[in-house]
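Remarks on the structure that follows.
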Amino acid sequence: MSRLVTENLTVRFGGHVAVNGVSCSFEPGTLTAIVGPNGAGKTTYFNLISGQLPASAGTVHLGDRDLSRLPASGRTRAGLGRAFQLTNLFPRLTVLENVRLAVQAARDGAHRRGLNLWSVWSDHAALRERADAILADIALKDKEHELVANLPHGDQRKLEVAMLMALEPQVFMFDEPTAGMNAAEAPVILDLIRRLKADRTKTILLVEHKMDVVRELADRIIVLHNGTLVADGDPATVIASPIVQEAYLGVAKEAA
Amino acid sequence: MKGLDLDWKPLALVPVLALAVLPFIGSGSTWVTLTVAGLAMGMIIFIIASGLTLVFGLMDVLNFGHGVFIALGAFVATSVLGSMGDWTGSESLWRNLVAVVPAMLVAMAVAAAIGLAFERLIVRPVYGNHLKQILITMGGMIIGEELIKVIWGPLQIPLPLPPGMRGTLLLGDAAVEKYRLIAVVVGLAVFAGLLWTLTRTKLGLLIRAGVQDREMVESLGYRIHVLFVGVFVAGSALAGLGGVMWGLYQQNVVPQMGAQVNVLIFIVLIIGGLGSTGGALIGALLVGLMANYTGFLVPKAALFSNIALMLAVLLWRPQGVYALSR
Amino acid sequence: MNDNLLTLEGVHTHIGAYHILHGVDLVVPRGQLTMLLGRNGAGKTTTLRTIMGLWKASRGRVTLAGRDITALPTPQIAGLGVAYVPETMGIFADLTVRENMLLAARAARHASQMDESRLQWIFSLFPAVEKFWNHPAGKLSGGQKQMLAVSRAIVEPRELLVIDEPSKGLAPAIINNMIDAFAQLKESGVTILLVEQNFNFAKRLGDTVAVMDNGQVVHAGSMQALADDEDLQQSLLGLAL
Amino acid sequence: QGKDLKIAHIYSRTGPLEAYGKQTQVGLLMGLEYATGGTMAVNGRKIVVLEKDDQGKPDLGKSLLATAYADDKVDLAIGPTSSGVALAMLPVAEEYKKILLVEPAVADAITGEKWNKYIFRTGRNSSQDAISNAVAVDKDGVSIAMLAQDYAFGRDGVKAFKEALKKSKIVHEEYLPPTTTDFTAGLQRLIAALKDKPGRKIIEVVWAGGTPPYNALADADLKNRFGIEVASGGNILPAMTSYKRFPGMEGAAYYYFGIPKNPANEAMVAMHYKQFKSPPDFFTAGGFSAGMAVVAALKKTNGDTGADKLITAMEGMSFDTPKGKMTFRKEDHQAMQSMYHFRIKDDPAFAWGVPELVREIKPEEMTVPVKNKR
Amino acid sequence: MLARLLSHDFPRSRVLAVVLVALLLALAFAPFLVPGVKALNVAAKVLVFVVLVASFDLLLGYTGIVSFAHTMFFGIGAYGVAIAFTRLGPGWGALGLGIAAALALSFVLALGIGLFSLRVRAIFFSMITLAVAAAFQTLASQLSDITGGEDGLTFKVPELLSPSHEFAAEPFLGVSLDGRLACYYLLFVTALVLVLALLRIVNSPFGRVLQAIRENEFRAEAIGYRVVVYRTTSAILSALFATLAGAMLALWLRYNGPDTSLSFEVMLDVLLIVVIGGMGTIYGAAIGSGLFVVAQSYLQDLLRIASEAAAGLPWLAALLSPDRWLLWLGVLFVLSVYYFPTGVVGRLRALQAPARPRPVSPAAAVPAASTRKKSKQGDYVENS
Ligand SMILES: Nc1ncnc2c1ncn2[C@@H]1O[C@H](COP(=O)(O)OP(=O)(O)OP(=O)(O)O)[C@@H](O)[C@H]1O
Ligand SMILES: Nc1ncnc2c1ncn2[C@@H]1O[C@H](COP(=O)(O)OP(=O)(O)OP(=O)(O)O)[C@@H](O)[C@H]1O
Ligand SMILES: [Mg+2]
Ligand SMILES: [Mg+2]
């Protein structure tokens, strides 16, 4: 099984360095929480890994495969999966169609199935079933024919996660999956993550501001601050560390 | 706007282009003639494009009907000038201006009025939907053009330039048409006016914000709608002015004249970058110069000079020379 | 009546073919902070949008300081001193942070004319706003956008703040600042209506609370009462954690 | 007897050439009326004119002509306004074996390589235009620079003009896009080419529609600066307003209402003033001539409209027109006709520069090449 | 069987189904229903436009690319055939060669356009295509020795398809069985096949990916679809179909010129038809073409009658004069946007299922009122 390794990953926007030489490796079967103040560079770090942004320097490897040159789609096909912080779906397609598109792309199916001009979409029953299963899992089945644009925020967050599940990637990257979900809904997502963890083969990265969630799920925490990796270790120690206490939990004022 | 004070490269484009061709043209006087004429033509183009910088550049409305207001302005001018013969006929520039200035004002007023109706009937239902904008404003374009034919007839109408504005000024061997200099003055005035309103007031910001998220702007307490109407009307009025200038330059007007310049001014805006007055000016000047230089050096290519220019600029800056980050 | 700044009486709202709000009754006492809670899809956002006139109530009436605003166009409602932070934050991505703030400051024609001391106060709460003053707002991080959105709402004094999930995606430190901010605003007599998912946040701030479920207010009362009553929380909000 | 005589007139009621087309239609009706002495009938057969609008689109013109011949069962057709449309129509006439009388489309090819025996033309062709203009300026030691639109019409014109020149020589050919509005560059090239030439220097303009270059030429003040003169053919009246600024300019015209002296022309001018309070123009004359040609032919066949009868009747037929006598020559059915060498006078009484007759160029003087193969 | 033919994309509205069948029958028997040259010409034009518009719908309705250069490919097809016949004489070989060459050229250009469309913003792109199309038209009229310039090319087609060729001496049901008829039915079959093919493509998994890209290109890329590939493929496909439509046109007209196949007017008609018919529904192309082409062909006749009726009121008569038919075309543009935001097809389907909006994918089929523009607020990578 293949580990995800980022080597000296860096990106500059004009003068400002959003992510600064982050070298880190993530083992399959572990869930790593990434915490840090707003603007610390967490999402940007994800963007660099999943190829949404070109890195100014540094490399990304999955196992012995170098992903650094690949476009986003290429990296997804290589096994990276990503759910976005700001919901980012196909608003005028139905919930079902959204998920089915992801299922169709799953396991390197993107081009094999996607470039299929001649078969009829509705014929691919297998894909449909898989999609239904996922929607059932995340309690969106009853809304599968709604247009995504009409869903309440919380449900859109759920769908965001469902899309990631549908891709069946090796690496799961969650960016604040429960932001704006109420206490009754959040567990649905958290359960999914727990189950992923349980099967011990997936590499899971989780950006989350809710400390209780982090405490419960994380095997390991890394802390980003002004784009640099400032702490890395097991939850208890990291949370206890002064940097987190000040810069993040805000015992003293932080500087974005 | 912020572009203007920081970003100098585009400003350099014009002189660079001018100097670059000098060796190929050889004769200095010819070069002067071509360059001055080109710049002046650029100014005229800028005037007719200026209205669209508001409507397309800021409000993001793909108004193919814009040409109608240009034609309208020109036709109104024929009527007004026609009705004050002795002033237009006179040899003195001042007496001519007495005729031409009111013609401009009337043209702008009429264009503005029609603009109001146009916004209400044609544009309002389709804000934020480019495809529908294209279709419905195309419709507006056709209707407008046909109505002009109904009112003024389908024929070409001569719009003779008042004698005082004709002829050329000679600088040595180089010749510059008087009228083009007048155009330069008008153009600069329009430019200054636009630049002031867009940078010294919140107007520009509000429009751009409104285009991105109407509801939010309203939630902040601004009657965005009134604003849009106002800007659209202003744009139409400028188009009317442009029409007068263009008509007087060609010295005849045809109902199709609007459609004829449409593509050109869209190109100018794209080169300039949407919503940037400075960009539009530079774009216009570049287009004007290019036309003359290619026309002199490789006439065959003249037809394609604009497109070549546009593609070149977009390869350099895909957003146009001055993109307000969009 | 006059001690209730905002009241909704039997408000129904339709969106397209959908009937979303089924008779919402809600009172927002003047000078207090009212929390609007409820599960996803309960209709909180729709309620706020109806208050702002972004959706029109098909039945019932909304009154602000005794004045019926049910049918008023949004700009006028805002003009009456209401500031709104939508769920989607409504950041103008192409404009810089400064320009975003300038638009929110209705009185100012220039950045220079914005109330300096108030800005400083905002900067102290949300440092990111100052740090990225001249950056395109679209480039901000999720949380920074959220900060900007709230900053915009408080850049000028307003009578009523209507805010949809402000704590979403914010680091704990910033959440603390925000809590301080709302507290201070309340001091200065501002009335606030907050939609919030983060119950701890809600607990620490709210005076009164209303809980919604599928398009209706199913519980209204003092925050204290709800905070103390575990079972009520359980039944209303399903707080299992 | 008595069955109606159906004639289809297919022309640009709308489209870019709308203005021209309408003149033709007016002229045609007047011509028919005049030629039939107001009865609008030949041998008791009433003449009915069906108007069809080709919108200046060749494909449309083509299907309209087919419709006219097949569905409307017309006996013969007249038109169209644009050369492009005409060329597309020619084969249709051959398919349906019926006469098409071309007026006013000018392209040489119509009576040239694309011709077939059902095609006649009352309108002048490019060669006639060019040759007459050449005759008007052709003198020893004259250097001529051509200024023309860069498409078939322009290039045809220049070619024919060159062939027709005997004495003077072409020193430069400037082709500009038909839609040109800024002539600065072109002028600079023309000046460069001409200014150091000895003797008389002339810019010959071959231009139709669009924005004609005359104002630009006038503004450039060439005569005083470089001693360069401008010459050009006739044009429709609105276009000739800019001629006012070239008093003394010489060229050759197809028609100007003040020039020809004959009953037909006097009648037409009178009718036109009566109806429209304005003089007839270029294309009115064309339409009028076509009308007279048709009636003359029908009279000759006693109203028989069989194509072959008509062809035999019309080949070599001479007939009166506002431009005097015309003759369909046997070889290519092109109507041979006079052209008018004019000199422009700026007469304040008129809105346009008035072309005064220098001399009539008789058909015999113009050796118009026969370009068709039969 | 039928289901497979229609790729499981049924009209989903009884009325619509009826209309479609009616249209099909009308076209199939046009020569016998309304004899006469004009009627046949109109019917043939409908056939050509059905294909042209459907191909454009693939680009616009399904991929969300607004390109004004579509007529360019239409023209290439037409010129391909025209030039081949003019140069090589009226043989089937010439036809094949012409079409092949045209397809090849279209392929290359479409490839270029498809790639370029990713470099610049959407509006810019459409503006650029506008300019390019204009340039191409000028080019076509400039190269007069190949293209016949402004005047275009008139040519002969294979004997079998030309009017002079008689299959039967005496007419059948009052219609002479000549080459024109053969040509018409050739077009009919071709059109039918091409449209069904397009229907299949848009209902394939590929078609869905296109819609996804139209909706949110950024996310499509993120879930593993290489946007460039799909965009370009779609651009090329629609170009090729347009080219074939062009070939059909030339074959029928036995003439081609810049205004006939390249003019911006044609582009406008296509746009209008897509909207009238209903974007993102291949069926819309068929219905729209039917309505529009017929209307356009008889508009002037209608106006003539109307204006004579209104002779009493001079100003009204002036407006109704057949010469001002364009005016009414313009009005049609405006009204179609007002009253057919989702096109005829959208309308009919809405009638069918009023309550919840069925999962119809095309953007056009969603009432704009009830959709939040969330996607605008996307992750900032979108706008960096
Ligand atoms: N495309 C960009 N251009 C310029 N600056 C950027 C860009 N993307 C991110 N940044 C900056 O990089 C910094 C890191 O942003 P990022 O979104 O990674 O923070 P974050 O850790 O995800 O914060 P949050 O917890 O609020 O989501 C921010 O200050 C942001 O302004
Ligand atoms: N534009 C719309 N069109 C159709 N239905 C909508 C629309 N917006 C919201 N709804 C429906 O209205 C209901 C309430 O939505 P609303 O966004 O108000 O819930 P909410 O309480 O804000 O949820 P959340 O806590 O997730 O934001 C939901 O069932 C949603 O599906
Ligand atoms: Mg983030
Ligand atoms: Mg909400």
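The values are calculated or read from the model by the stated rules, or taken from the named source; none is laboratory data. Computed from a prediction, not measured in an experiment: that's the story for all the values here. Neighbour counts run over all protein chains shown; Cβ positions are idealised from the backbone, glycine included.
Within the stretch A:102-122, if we keep just the residues that are facing chain E (nearest Cβ under 7 Å) and in contact (Cβ under 8 Å) with a residue 40 or more places away in the chain, the residue that is nearest to A:Gly154 (Cα to Cα) turns out to be A:Ala102. Among residues of the stretch D:27-43 that are more than 17 Å from D:Lys6 (Cβ to Cβ), those with a beta-carbon under 6 Å from a residue that is surrounded by fewer than 24 Cβ atoms within 10 Å (Cβ to Cβ) and of a type in the set (Gly, Ala, Ser) at least six positions away or on a different chain give the pairs D:Tyr34/D:Ala267. Taking helices (runs of 4 or more DSSP H) as the structural unit, those lying wholly within the stretch D:180-274 and holding at least 2 residues that are farther than 30 Å from D:Ser289 by Cβ correspond to D:184-194, D:214-220, D:222-226.
Give C:Val27, C:Val11 a once-over and let me know the one that is part of a strand (DSSP E or B), among the aliphatic types (A, V, I, L, M), more than 16 Å from ligand 1 (Cβ to nearest atom) and under 17 Å from the mean Cα position of the chain (by Cα).
Values: C:Val11 fails: under 17 Å from the mean Cα position of the chain (by Cα).
C:Val27 is the lone residue from the list that is part of a strand (DSSP E or B), among the aliphatic types (A, V, I, L, M), more than 16 Å from ligand 1 (Cβ to nearest atom) and under 17 Å from the mean Cα position of the chain (by Cα).
Residue-by-condition table, conditions (1) away from chain C (no Cβ under 14 Å); (2) more than 18 Å from the chain's Cα centre (by Cα); (3) in contact (Cβ under 8 Å) with a residue 60 or more places away in the chain; (4) at positive phi:
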| site | (1), (2), (3), (4) |
| --- | --- |
| A:Gly51 | yes, no, no, yes |
| A:Ser56 | yes, yes, no, no |
| A:His61 | yes, no, no, no |
| A:Arg65 | yes, yes, yes, no |
| A:Arg69 | yes, yes, no, no |
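Consider the stretch A:176-199 and keep the residues that are more than 11 Å from every other protein chain (Cβ to nearest Cβ) and without any contact (Cβ under 8 Å) to a residue 24 or more places away in the chain. The one that is farthest from C:Leu237 (Cα to Cα) is A:Asp199. Counting only residues that are in a helix (DSSP H, G or I) and either touching a Gly at 6+ places or on another chain (Cβ under 6 Å) or on the phi > 0 side of the Ramachandran plot (or both), how many does the stretch E:115-156 have? Looking only at that region, the number is 4. Of all residues in the stretch A:163-181, those that are more than 16 Å from ligand 2 (Cβ to nearest atom) and either among the aliphatic types (A, V, I, L, M) or modelled with pLDDT under 90 (or both) total 7. On the phi < 0 side of the Ramachandran plot and assigned to a strand (DSSP E or B), is that true of D:Phe283? Judged against the criteria, D:Phe283 is not a match. The number of residues in the stretch C:174-197 being within 13 Å of chain A (Cβ to nearest Cβ) and assigned to a strand (DSSP E or B) comes to 1. Within the stretch E:164-219, the set of residues being closer than 21 Å to A:Asn98 by Cα and assigned to a loop (DSSP other than H, G, I, E, B) comprises E:Asn203, E:Ser204. Going residue by residue through the stretch B:290-303, is there one that turns out to be part of a helix (DSSP H, G or I), surrounded by fewer than 23 Cβ atoms within 10 Å (Cβ to Cβ) and aromatic (Phe, Trp, Tyr)? Within the stretch B:290-303, none of the residues are part of a helix (DSSP H, G or I), surrounded by fewer than 23 Cβ atoms within 10 Å (Cβ to Cβ) and aromatic (Phe, Trp, Tyr). D:Lys139 fulfils the conditions (1) without any contact (Cβ under 8 Å) to a residue 60 or more places away in the chain; (2) over 25 Å from D:Thr312 (Cα atoms); (3) surrounded by fewer than 24 Cβ atoms within 10 Å (Cβ to Cβ) except for a single criterion, (1).
Would you please name the residue that is nearest to the other protein chains (Cβ to nearest Cβ), looking only at residues in the stretch A:35-49 that are β-branched (Val, Ile, Thr) and near ligand 1 (Cβ under 8 Å from one of its atoms)? Write out each step before concluding.
Of all residues in the stretch A:35-49, those β-branched (Val, Ile, Thr) come to A:35, A:43-44, A:49.
Checking the rest, the ones that are also near ligand 1 (Cβ under 8 Å from one of its atoms) come to A:43-44.
Working: A:Thr43: 6, A:Thr44: 8 Å.
In this case the residue turns out to be A:Thr43.
Quick grid of which residues meet (1) at pLDDT below 95; (2) within 14 Å of chain B (Cβ to nearest Cβ); (3) under 30 Å from D:Ile7 (Cα atoms):
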site: D:Gly233; (1), (2), (3): yes, no, no
site: D:Ile236; (1), (2), (3): yes, yes, yes
site: D:Phe246; (1), (2), (3): yes, yes, no
site: D:Gly251; (1), (2), (3): yes, no, no
site: D:Ala270; (1), (2), (3): no, no, yes
site: D:Lys277; (1), (2), (3): yes, no, yes
site: D:Pro280; (1), (2), (3): no, no, yes
site: D:Gly291; (1), (2), (3): no, no, yes
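Within the stretch C:14-28, track down each residue that is in contact (Cβ under 8 Å) with a residue 60 or more places away in the chain and within 12 Å of another protein chain (Cβ to nearest Cβ). Let's see the steps before the verdict.
Of the residues in the stretch C:14-28, the ones in contact (Cβ under 8 Å) with a residue 60 or more places away in the chain are C:19-28.
Those that are in contact (Cβ under 8 Å) with a residue 60 or more places away in the chain and within 12 Å of another protein chain (Cβ to nearest Cβ): C:His19, C:Ile20.
For beta carbons closer than 8 Å, sequence separation of 6+ or different chains, a first residue in the stretch A:149-160 that is within 7 Å of another protein chain (Cβ to nearest Cβ) and a second that is among the aromatic types (Phe, Trp, Tyr), the qualifying pairs are A:Asn150/C:Tyr18. Looking at the structure I just gave you, is A:Leu192 more than 24 Å from C:Met89 (Cβ to Cβ), surrounded by fewer than 22 Cβ atoms within 10 Å (Cβ to Cβ) and under 18 Å from the mean Cα position of the chain (by Cα)? When the stated conditions are applied, A:Leu192 passes them.
Residues to consider are C:Gly38, C:Gly31, C:Gly10; find the one that is away from every other protein chain (no Cβ under 11 Å) and under 26 Å from C:Ala183 (Cβ atoms). Even if it seems obvious, please write down each step before you answer.
On the way: C:Gly38 fails: away from every other protein chain (no Cβ under 11 Å); C:Gly10 fails: under 26 Å from C:Ala183 (Cβ atoms).
Going through C:Gly38, C:Gly31, C:Gly10 in turn, the sole match is C:Gly31.
The set of residues from the stretch E:106-122 being crowded, with 16+ Cβ neighbours inside 10 Å and free of Cβ contacts under 8 Å to residues at least 40 places away in the same chain comprises E:Phe116, E:Val120, E:Arg121.
Report yes if some residue within the stretch C:153-173 is away from ligand 2 (no atom under 16 Å from the Cβ), away from chain A (no Cβ under 11 Å) and in a helix (DSSP H, G or I); otherwise report no.
Among the residues of the stretch C:153-173, at least one is away from ligand 2 (no atom under 16 Å from the Cβ), away from chain A (no Cβ under 11 Å) and in a helix (DSSP H, G or I), which makes the answer yes.
If you check D:Asp129, D:Asp140, which single one turns out to be charged (D, E, K, R) and in a helix (DSSP H, G or I)? Break it down stepwise before answering.
Numbers: D:Asp140 fails: in a helix (DSSP H, G or I).
From the options D:Asp129, D:Asp140, the qualifying one is D:Asp129.
Working only within the stretch B:265-279, note down all residues that are within 14 Å of E:Phe124 (Cα to Cα), more than 9 Å from chain E (Cβ to nearest Cβ), under 13 Å from the mean Cα position of the chain (by Cα) and of a type outside the set (Gly, Ala, Ser). B:Ile265, B:Val268 - these are the residues of the stretch B:265-279 that are within 14 Å of E:Phe124 (Cα to Cα), more than 9 Å from chain E (Cβ to nearest Cβ), under 13 Å from the mean Cα position of the chain (by Cα) and of a type outside the set (Gly, Ala, Ser).
If you take the residues in the stretch A:200-232 that are charged (D, E, K, R) and within 19 Å of A:Ile49 (Cβ to Cβ), which one is nearest to the other protein chains (Cβ to nearest Cβ)? Only one residue tops the list, namely A:Glu208.
Considering the stretch A:78-99 alone, what residues qualify as being in contact (Cβ under 8 Å) with a residue 60 or more places away in the chain and either among the small types (Gly, Ala, Ser) or more than 7 Å from chain E (Cβ to nearest Cβ) (or both)?
Keep residues of the stretch A:78-99 that are in contact (Cβ under 8 Å) with a residue 60 or more places away in the chain, which gives A:79-85, A:87-89, A:95, A:98-99.
Matches in the stretch A:78-99: A:Gly79, A:Leu80, A:Gly81, A:Ala83, A:Val95, A:Asn98, A:Val99.
In the stretch B:135-163, the qualifying residues are those that are crowded, with 20+ Cβ neighbours inside 10 Å and among the small types (Gly, Ala, Ser), and the one that is nearest to the other protein chains (Cβ to nearest Cβ) is B:Gly139.
Anything in the stretch E:224-241 that is within 12 Å of another protein chain (Cβ to nearest Cβ), in contact with a helix residue (DSSP H, G or I) (Cβ under 6 Å, 6 or more places away or on another chain) and assigned to a helix (DSSP H, G or I)? List them, or say none. Selection gives E:Val227, E:Tyr230, E:Thr232, E:Ser234, E:Ile236. A:Arg200 meets the stated requirement of being more than 16 Å from ligand 3 (Cβ to nearest atom) and assigned to a loop (DSSP other than H, G, I, E, B).
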